[in-house]
Amino acid sequence: MFATERRRRSAYLYLTPAALVFLVFTLGPAFFVLYISLFNWNFLNSAQSTFVGLQNYTNLLTSSSFWHSLAISLYFVIGTVPVGLFLALIIAMALMNQFAGRGFVRLAVFSPYVTPVVATSIVWIWIFNPQFGLLNGLLHMAHLPELGWLESQRWAMPGVILYTLWHSLGFDVIIFMAGLSAISADLREAARIDGANRWQEFWSVTWPLLTPTTLFVLIITTIGSLQAFTQFFTMTSGGPLSATTTTSYLLYELAFLFYRTGPAAALAVLLFIIIAGLTALQMLLAQRRTYYQ
Amino acid sequence: MLQRKQSPENRPDQAPAPAAAPHRKIWRRLPWWQWLLGIVLVVIFLFPFYWVIVTSLNGANQVLQFPPVFLPHGQWQNYSRAWSEAPWLRYFANTIFIAGATTLLVLITSLLAGFAFGTMQFWGKTAIFAGFIAMMMIPQTVLLIPDYLVLRDLHWLNTYWAQIVPWSASVFGIFLLRQYFLSFPRELIEAARLDGATETRFIWKIAVPMAKPALITIALYVFLGSWNSFLWPYIMTQSPSVQPIEVGLATFLGTNGTDWTGLSAAVVFTTLPVMILFLVAQRQFLAGAYAATGGVKG
């Protein structure tokens, strides 16, 4: 190899723009938020902040609003992730078979994923409207009791979950279809020849071979659900009576409505630990998968 | 190029997989449940689109009827009313500028970094790459507070800069282009070097045209992400003169929250550009979703 010296130096030059952006707006701030979390931070005048050690964390961990928000987040994660995974897998498997119009169905299922959450959540606020909404109209026609949906403490979260599933399911379906098409048809054929019915074929061939994809979808959607914000902002504003105040929404309230920067930073650090842990798990699993091959 | 020709799947004499034909036949004979499921899925996923168009074209009294009216009534004045009640043109211009500039910058930073990681040898390469990938672990929600303070110190709050520069590098973009350049034919790079082409010239004249599919995928997703973003611009800006369309729409929801026909009209005309982009480039969007699985795909 010639001109090695020059190439070396130019490599660092090529990395500089991206590295600078990450340094100033991602890595630096990540440490900065850790630093802020140890202070009673003065939002208007940073110089007047006072060091309080771990007090923001102990306050948070002993406050009911933190644990309540965590429970709400868990409710949302359970409502979106396992349910979404199950539905996405079924839809993906149905779409693996060739039939006329398959491409159109796939496109229809995927299309909500590209829409802006602000815009389409407005459509669903209207659908959920207790007096004039479509959903209560359908319930009425079916002689079922009408619900308060986003205006009721009990039904607000199911409403947001329903919207989120509609919005994001298509992405999971596409990932599952990619995973399914990577499984060799020969293997399934062999299972069939050995006398396995469709059910046995699924449990003994498709499901085990699909594990890496399933784990990927599981972790990606969990991270996404933990970070979900916009639909809560437009559809419920965390209400009624904090019935939909997730940890991410609480973080927004603390930081930008109440200007309690220190506690909000501590909450951000805790959220980061949870999400980073899940991401690390995902990377580890992805790596193990490549070793197997 | 040579390698491609030798690969088995490109051989013209390759017979189709024998298992496929009878399998397909079975399903062609039993299409009814498949059709039913397909129709149910299409109705569930597309109905909200239909519904917002119907609502946007109905009069106030039809909207407040119960049970609901399922057909539109051609009340186009909802559109002109909604359009006149907010500075939509400004929001559109802001969004196009912010999303366009972000996309362009991401393409440049990803191309340079992806090229370095994919084709060059240098000290600390593995560690630096791992560091870049680790940036994915730090979510936006966590960065809101510190970045707000950083942008305030830079006097960038309530500017375009706050909405462009922090998003001008993308781990996804760098990763995708690195993968791409790793599979780049070595001989081509060496040949270009022997011909005396400079590296920048090589990137510009050969790498960019060849990496076009990857670049288009990155551009589409970055543009879409920028167009659809809400929380970041909502926190970092206050005045409509720099705010993007989704923040404008949320403001409109706040002020005109009970004007359902006007609100629906606003939803339609603010979302239309995204849907057109999606329909035109659906192939690339689906390819991008596959590419996102990155590490998982075998």
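The values are calculated or read from the model by the stated rules, or taken from the named source; none is laboratory data. Given the structure is predicted, the values throughout are model-derived calculations rather than measurements. Note: ideal-geometry Cβ built from the backbone for every residue, glycine included; neighbour counts use all protein chains shown. When the accessible area is computed, the model is the full protein with side chains, heavy atoms only, and any ligands, DNA or RNA have been set aside. Shrake-Rupley method; radii C 1.70, N 1.55, O 1.52, S 1.80 Å.
Quick check: Cα centre of the stretch A:96-148 to Cα centre of the stretch B:102-126, how many Å?
42 Å
Please compute the contact order of the stretch B:88-247 in relative form: average sequence separation of alpha-carbon pairs under 8 Å and at least six residues apart, divided by the residue count, as a percent.
Values: 149 pairs, mean separation 75.3, N = 160.
Rounded, it is 47 percent for the stretch B:88-247.
Expressed as a whole percentage, what fraction of the accessible surface of the protein assembly as shown belongs to carbon and sulfur atoms when a 1.4 Å probe is rolled over the protein heavy atoms? Provide the component values of the computation, followed by the final result.
Values: 19150 of 28330 Å².
Its accessible area is 68 percent carbon and sulfur atoms.
Kindly provide the helix-only [θ] at 222 nm of chain B, computed as the sum of -39,500 (n - 2.57) over DSSP H runs of four or more divided by all residues, to the nearest 500 deg cm²/dmol? Intermediate values should be presented prior to the final figure.
Details: 17 runs with 203 residues, N = 298.
Value at 222 nm, helices only, nearest 500: -21000 deg cm²/dmol.
Give me a single rounded figure for B:102-108: the average over its residues of other chain Cβ atoms within 10 Å of their Cβ. Working shown, then result.
Values: counts 0, 0, 0, 3, 2, 0, 2.
Mean number of neighbouring Cβ atoms from other chains: 1.
Report the residue, chosen from B:Arg152, B:Arg193, B:Arg81, that carries the largest GNM mean-square fluctuation when chain B is represented by alpha-carbon nodes joined by springs under 10 Å.
Looking only at B:Arg152, B:Arg193, B:Arg81, the biggest GNM fluctuation is shown by B:Arg193.
Using the Kyte-Doolittle scale, which helices in chain A average at least 1.0 and also have C-alpha atoms spread 20 Å or more along the helix axis, with helices defined as whole DSSP H runs? Spell out each step's value before the answer.
On the way: long enough: A:4-22 (27 Å, -0.22); A:64-96 (47 Å, 1.85); A:156-182 (39 Å, 1.40); A:207-227 (29 Å, 1.30); A:261-292 (46 Å, 1.20).
Qualifying helices, which must be both long enough and hydrophobic enough, are A:64-96, A:156-182, A:207-227, A:261-292.
Let a ≥ b ≥ c be the square roots of the eigenvalues of the Cα gyration tensor of chain B; is it rounded (a/c under 1.5), or, if not, prolate (a/b larger than b/c) or oblate?
Details: a/c = 2.60, a/b = 1.28, b/c = 2.04.
Oblate is the answer for chain B, as a/c is 1.5 or above yet b/c matches or exceeds a/b.
Rounded to the nearest 100 Å², what is the sum over both chains of accessible area buried where B meets A, with a probe of 1.4 Å?
Numbers: alone 19460 and 18050 Å², together 28330 Å².
It comes to approximately 9200 Å² buried between B and A.
For the stretch B:88-247, count the residues as N, evaluate 2.2 N^0.38 Å, and divide the Cα radius of gyration by that value, please.
Numbers: Rg = 17.9 Å, N = 160, 2.2 N^0.38 = 15.1 Å.
Here the answer is 1.19, to two decimals.
How would you rank B:203-210, A:134-141, highest first, on the average number of other Cβ atoms within 10 Å across their residues?
Working: B:203-210: 15.2, A:134-141: 16.8.
Final packing ranking: A:134-141, B:203-210.
How many partner chain Cβ atoms sit within 10 Å of a residue's Cβ in peptide B:32-43, on average, as a whole number? Don't skip to the answer; put the middle values down first.
Working: counts 0, 1, 9, 4, 0, 6, 11, 2, 1, 9, 6, 1.
Per-residue shielding by partner chains comes out at 4.
In square angstrom, what is the accessible area per residue of the stretch A:1-93 with a 1.4 angstrom probe? Write down the numbers at each step before the final one.
Values: 5210 Å² over 93 residues.
Spelled out: the 1.4 Å probe surface of the stretch A:1-93, per residue, equals 56 Å².
Can you give me the Rg/Rh ratio for the stretch A:46-152, using Cα atoms for both radii and the Kirkwood formula for Rh? Don't skip to the end; give the middle numbers.
Values: Rg = 21.7 Å, Rh = 18.7 Å.
Value, to two decimals: 1.16.
Normalised by the number of residues in the stretch A:64-292, what is the relative contact order in percent for Cα pairs under 8 Å and 6+ residues apart?
Values: 224 pairs, mean separation 63.7, N = 229.
Computed over the stretch A:64-292, the figure is 28 percent.
If you take each beta carbon of peptide B:224-234 and count the beta carbons of other chains within 10 angstrom, what is the mean?
Details: counts 4, 0, 0, 2, 8, 4, 10, 8, 0, 0, 6.
What the average comes to for B:224-234 is 4.
Pick out which of A:Leu144, A:Leu226, A:Leu209 has the largest mean-square fluctuation in a Gaussian network model of chain A, springs linking Cα atoms closer than 10 Å.
Result: A:Leu144 has the largest fluctuation of those listed.
As a test of the definition: which semi-axes, in Å, follow for the protein assembly as shown when you take the square root of five times each eigenvalue of its alpha carbon gyration tensor? Largest first, please. Kindly include the intermediate steps, with their values, before the conclusion.
On the way: eigenvalues 290, 249, 122 Å².
The answer is 38, 35, 25 Å, longest axis first.
Helix B:282-292 sits at what angle to the longest principal axis of chain B, using alpha carbons and giving 0 to 90 degrees rounded to 10?
Long axis of B:282-292 versus the principal axis of chain B: about 60 degrees.
I'd like to check one number: the per residue accessible area of the stretch A:161-209, probe 1.4 Å, reported in Å² as a whole number. If you can, show how the numbers build up before the last one.
Values: 2380 Å² over 49 residues.
I get 48 Å² per residue for this part.
Evaluate the Kirkwood expression for the hydrodynamic radius of the stretch A:64-292, namely the inverse of the mean inverse distance over all pairs of different C-alpha atoms, and round to one decimal in Å. Walk me through the intermediate numbers first.
On the way: mean 1/r = 0.0507 Å⁻¹.
By the Kirkwood definition, the hydrodynamic radius is 19.7 Å.
Rounded, prolate or oblate: which fits the stretch B:215-298 when a ≥ b ≥ c are the square roots of the eigenvalues of the alpha-carbon gyration tensor, with rounded for a/c under 1.5 and prolate only if a/b beats b/c?
It is prolate, given that a/c is not under 1.5 and a/b is the larger ratio.
Compute and list, largest first, the equivalent-ellipsoid semi-axes of the stretch A:9-70 from the alpha carbon gyration tensor, each √(5λ) rounded to a whole angstrom. List each step's numbers first, then the result.
Working: eigenvalues 236, 52, 16 Å².
Each semi-axis is the square root of five times an eigenvalue, giving 34, 16, 9 Å.
Heavy atoms only, 1.4 Å probe, whole protein assembly: order A:Met177, A:Met93 by accessible area, highest first.
Details: A:Met177 5, A:Met93 65 Å².
Putting A:Met177, A:Met93 in descending order of accessible area: A:Met93, A:Met177.
Any idea what angle helix B:140-153 forms with the longest principal axis of chain B, computed on alpha-carbon atoms, 0 to 90 degrees, nearest 10?
Approximately 90 degrees, to the nearest ten.
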